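*Asks:* Got a structure for you, written out below as structure tokens; questions coming shortly.
Derivation of every value follows stated rules applied to the coordinates shown; laboratory data play no part. Since this is a predicted model, take the numbers as computed values, not measurements. We place every Cβ from the backbone using ideal geometry, glycine too, and count neighbours over all the protein chains shown.
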Amino acid sequence: MHRRNDEVARLLDNIAELLSLHGENPFRIRAYTTAARNIGALSEDVEEIYRRGGLDDIPGVGDAITRKVAEYLETGRLGYYEDLKRRVNVAAVDLLEVPGMGPARAHLVYQQLGITTVPELLEAARDHRLAELPGFGAKLEARIAREAERVGARSRRLLLGVALPVAEEVAARLRAVPAVEAADPAGSIRRMRDTIGDIDVLASSTRPEAVVATFTTLPFVREVLATGPTRPSILTRDELQIDLRVIRPEEWGSALVYFTGSKEHNIALRSLANEHGWKLSEYGLFDREGTRIAGRTEAEIYAALGMDWIPPELREDRGEIAAARAHRLPLLVDVDDLRGDLHVHTDWSDGHDSPERMVEAAIARGYRYLAFADHSSSLGVAGGLTIERVHEQRRLVERLNQRFAPFRVLHGTEVDILPNGDLDYPDEVLAGFDVVTASIHSVFDQTRERMTARIVKALRHPHVDILGHPTGRLLLRRPAYEVDLEAVLQAAVESGVTLEINGQPDRLDLDDTWSRRAKEAGARLVCSSDAHAAVQLDYARYAVATARRGWLEPAHVLNALPLDRLLAHLRAR
DNA sequence: GCCGTTTTCGGCCCGACTGTTTTCAGTCG
């Protein structure tokens with residue numbers, strides 16, 4: 001893993017934050033955040049780039065930032081940053097957590113009242129010391145008091161797997177309203193980010209009041225938080241806030257681009273529009289005279305800007321705009337490209353449904369093959385299979401293959417990688433499986449070196465086909481274990497092991513950026529549901545979404561292979 | 001601080017909203 005890339009990116013972000021508190025020129029601040037983001041997104045190690053003198057080839061990195069990064073890489077320190085920390089009180093950064101407190105107000109509050117923490121801010125608001133400050137007043141003071149109280153208690157981010165189904169249901173119900181021309185989820189949901197801040201839905205109609213009326217009376221509404229002609233907001237029974245925007249049909253495309261984001265992607269598009277002397281906003285693309293050039297569809301807008309339509313999953317300003325202008329966007333893998341699933345559990349270990357039921361569900365989805373991957377014996381809590389049960393299950397697989405032919409059931413396993421890197425079944429047992437996924441389920445707290453060696457050892461095992469959920473992260477709950485993922489990646493490429501993109505909504509592991517990195521390094525990936533029940537076969541869609549965010553095409557995805565080629569691949573190992 | 005098929009200097013995304021203000025600054029997305 002490129003730890004130094006993240007380190008350098010964080011350093012530059014910190015500088016930007018301090019500069020903003022210092023009341024610096026906003027464009028200089030943005031230069032630092034842009035450089036930070038671009039360095040954070042690099043697939044090459046920033047230190048290697050520095051050694052070959054390539055720092056200023058990185059977009060957004062010029063002379064000044066090159067010098068600063070070089071100093072930091074050489075010495076581990078940056079004098080400029082140390083000075084800045086001395087001049088600006090670092091703690092005042094906390095004030096930016098409070099909605100309504102931006103850099104200017106935080107700076108003022110610090111300068112005038114010496115306030116650096118949220119509790120101090122709250123106290124000052126209650127004592128009515130804020131209202132006295134220039135540009136402040138009674139209303140602003142009350143708002144800041146209200147927001148300061150709620151900091152920390154603010155609702156957390158949501159899993160994509162929670163937000164997306166709700167947003168899709170809302171959009172589908174709105175589409176059923178005759179006055180609605182189009183309705184879709186927008187924002188980070190549409191980009192399929194692994195976690196979501198706000199649930200945004202967009203609808204177009206010439207009769208907004210009818211749309212708002214339907215929206216605010218949906219059957220699962222608990223509370224209407226805001227109404228009004230175009231921007232209503234509801235709270236559902238399961239406490240999810242959903243914001244709707246109703247817009248005019250001729251603005252649908254531009255509004256969808258705008259509300260889908262990302263912010264960085266939008267900024268890049270608008271800069272491009274500027275180069276033509278045009279203006280892009282949520283209302284459309286306009287020429288110098290203010291005449292609308294495009295706006296009704298997204299494709300129209302991208303075409304007018306001289307590029308192909310960009311799938312939402314790629315809209316992160318990570319090179320998609322240049323690729324779209326060159327007509328070299330990847331032809332992203334789609335959920336319909338999957339021919340089967342290589343990681344599902346049955347009720348033989350910790351799954352909910354029988355093997356038969358899982359097969360029937362896979363056939364119903366149009367799959368051609370399915371691999372059971374029940375847990376191995378040491379994973380007692382998950383009902384890991386003893387060697388006898390493995391043999392017994394193999395006989396069942398044979399019967400299922402006769403019964404469901406030409407559908408193919410593969411006998412797989414999700415075998416534990418033990419703390420020393422050995423696998424949880426002896427070699428002769430492993431040799432009997434059609435496909436072996438190796439995963440870590442315990443002893444996560446090893447040192448980075450030991451964990452890396454543990455995984456690399458498993459990857460070199462001749463019977464291992466797939467590395468399951470490679471970083472072990474659980475979204476919103478547990479970070480990835482300490483591991484040198486770059487070394488893991490190289491070992492996987494060398495030994496021909498496929499890396500899993502696990503579709504469980506709280507895993508999505510590998511994530512988007514590492515999936516892209518893996519593809520670039522020549523690794524193959526597999527989009528698996530890790531279903532523990534028949535309905536969860538649908539989690540494959542989240543794995544595919546992650547793969548798409550990682551720029552993957554069908555050719556990079558193992559389970560996009562037809563059965564015969566999959567079997568040839570597995571046999572060749 | 002960065003960057004250039006209009007520029008090595010003069011720009012840098014756009015609009016809505018809020019609240020403080022007699023024309024606009026700050027924040028947000």
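*Asks:* Can you list which of the GluC sites (Glu not before Pro) found in the stretch A:381-446 are DSSP loop residues with at most 10 other C-beta atoms within 10 Å?
*Replies:* Counting only loop positions with at most 10 other Cβ atoms within 10 Å, none of the GluC sites (Glu not before Pro) in the stretch A:381-446 qualifies.
*Asks:* Which percent of Cα pairs goes in each bin when the distances of the stretch A:234-371 are cut into 5 angstrom slices starting at zero?
*Replies:* 2, 9, 14, 14, 11, 9, 10, 11, 9, 6, 4, 2, 1, 0
*Asks:* If you take the alpha carbon radius of gyration of the stretch A:7-52 and divide it by 2.2 N^0.38 Å, what ratio comes out, to two decimals?
*Replies:* With N residues counted in the stretch A:7-52, Rg over 2.2 N^0.38 Å equals 1.24.
*Asks:* Ok, one more. Please report the orientation-averaged projected area of the stretch A:71-185, defined via the convex hull of its C-alpha atoms, in nm².
*Replies:* 12.7 nm²
*Asks:* The stretch A:179-255: which chymotrypsin sites (Phe, Trp or Tyr not before Pro) are DSSP loop and have at most 15 other beta-carbon atoms within 10 angstrom?
*Replies:* A:Phe220
*Asks:* How many lysine pairs in chain A, separated by 8 or more positions in sequence or lying on different chains, have Cα atoms less than 26 Å apart?
*Replies:* 4
*Asks:* Using all C-alpha to C-alpha distances in the stretch A:419-490, build P(r) with 5 Å bins and read off the rounded percent in each one.
*Replies:* 3, 16, 28, 24, 15, 9, 3, 0
*Asks:* Find how much the distance from A:Asp422 to A:Glu169 grows on full extension, using 0.36 nm per residue of separation minus their present alpha carbon separation; answer in nm with one decimal.
*Replies:* Here the answer is 86.5 nm.
*Asks:* Additional query: Suppose the Debye formula is applied to equal point scatterers at every Cα of the stretch A:362-446; what is log10 I(q)/I(0) at q = 0.19, 0.20 Å⁻¹?
*Replies:* -0.84, -0.91
*Asks:* Could you work out, for chain A, what percent of all Cα-Cα pairs fall into each 20 Å distance bin, beginning at 0 Å and stopping at the bin that holds the largest distance?
*Replies:* All Cα pairs, binned at 20 Å, distribute as 18, 46, 32, 4, 0 percent.
*Asks:* Taking neighbour counts of Cβ atoms within 10 Å as a proxy for exposure, in what order, fewest first, do A:His352, A:His345, A:His532 appear?
*Replies:* Arranged by neighbour count, lowest to highest, A:His352, A:His345, A:His532 become A:His352, A:His532, A:His345.
*Asks:* Return the inverse of the average 1/r over all pairs of distinct C-alpha atoms in the stretch A:164-265, which is the Kirkwood hydrodynamic radius, in Å to one decimal.
*Replies:* Averaging 1/r across every pair of different Cα atoms and inverting gives 13.4 Å.
*Asks:* Hey, how many Å between the Cα centroid of the stretch A:243-308 and the Cα centroid of the stretch A:37-104?
*Replies:* After rounding, the separation between the Cα centres reads 32 Å.
*Asks:* Something else: Treating each Cα of the stretch A:32-128 as an identical point scatterer and ignoring solvent, apply the Debye formula and state log10 I(q)/I(0) at q = 0.11, 0.25 Å⁻¹.
*Replies:* -0.49, -1.20
*Asks:* Say R0 is 60 Å: what FRET efficiency, to the nearest 0.05, do A:Asp538 and A:His128 get from their beta-carbon distance?
*Replies:* The calculated FRET efficiency here is 0.65.
*Asks:* Would you calculate the convex hull of the Cα atoms in the stretch A:80-130 and tell me its volume per residue in Å³?
*Replies:* 71 Å³
*Asks:* For the stretch A:236-282, taking Cα atoms only, what is the radius of gyration to one decimal and the Dmax to the nearest whole Å?
*Replies:* For the stretch A:236-282, the Cα-based Rg and Dmax read 14.1, 48 Å.
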